[in-house]
Amino acid sequence: MRPVIAYFWGIGGALYVLVYAIWGLYPRAADAWEMEWSPLQWSFAGIWVVFMGYTEGYRGFQLGFSPRVVARSTYLARNPRGLHLLFAPFFCIGYFFATRRRLMVSWCLTIGIVVVVQVVRLLEQPWRGIVDMGVVLGLAWGSLSVLYFALRAFIDGGTEVDPQVPVASTPSTEAL
């Protein structure tokens, strides 16, 4: 039972981060619809939403983040350790006990996102709402892809994706 709890705690916590961000951004994105938009804003919105769906949703989440979160959660379920279990969502996101490259990418990406969020907060509506629409789409895509990969791995008994943990501690991640 403990492996299943570890598996779902890691994935559930990572999903919580995504859903919390959607919850916070959605009202500003919705507020933008209450305003008149110029042709430039309509053009930017169309391009931005497609761009964010592809880059953040598909490439960032579906091809990278989501399968890796599930692989790390599967690894954790098979190799439970006290602090790793306690901080499973952060473990699954890749903030600790990861390869050097994964640590760098996870932390730099997070810092970059925080900086971009601060800059976007300076934008006036409807520009801020338009930007937030694209981000909400990407985050929603990411949330759904985490659920998809988690369900698939749970049913299949594991995943073939590299959990990107330090090499000396990489047993199989094939089954829960």
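Coordinate-derived values only; no laboratory data. The model shown is predicted, which means the values in this text are computed figures rather than measured ones. Don't worry about glycine lacking a Cβ; one is built from the backbone with ideal geometry, like all the others, and counts go over all protein chains shown.
On C-alpha positions alone, give me the angle between the axis of helix 2-32 and the longest principal axis of the chain, in degrees, nearest 10.
Roughly 0 degrees between the two axes.
Of all the Cα-Cα pairs you can form in the stretch 82-153, what percent are over 13 Å apart?
76
Ignoring everything except DSSP H segments at least 4 long, calculate the 222 nm mean residue ellipticity for the chain; use -39,500 (n - 2.57) per segment, divide by total residues, nearest 500.
Working: 7 runs with 120 residues, N = 176.
So the helix-based figure for the chain works out to -23000 deg cm²/dmol.
Could you list Thr99, Thr55 so that the one with the fewest beta carbons within 10 Å of its beta carbon is first and the one with the most is last?
Thr55, Thr99
Net charge around Gln118, counting only other residues with Cβ within less than 15 Å of its Cβ (Lys, Arg = +1; Asp, Glu = -1)?
+2
Which FRET efficiency value, to the nearest 0.05, is calculated for Leu63 and Ser38 with the Förster distance at 25 angstrom and r the Cβ-Cβ distance?
0.15
Pairing the Cα long axis of helix 127-156 with the longest principal axis of the chain, what angle in degrees results, from 0 to 90 and rounded to the nearest 10?
For 127-156 against the chain, the angle is about 20 degrees.
Compute the distribution of all C-alpha to C-alpha distances in the chain, in bins of 10 Å from 0, and list the percent of pairs in each, rounded to whole numbers.
Going out from 0 Å in 10 Å bins, the chain shows 10, 36, 29, 16, 8, 1 percent.
Take each of the peptides 137-147, 77-87, average the number of other beta-carbon atoms within 10 Å over its residues, and list them starting from the highest.
Ranked from most to least packed, the peptides come out as 137-147, 77-87.
Under a point spin-label approximation (7 Å from Cα along Cα-to-Cβ), what is the Thr55-Arg81 distance to one decimal in nm?
Distance between the two pseudo-spin positions: 3.5 nm.
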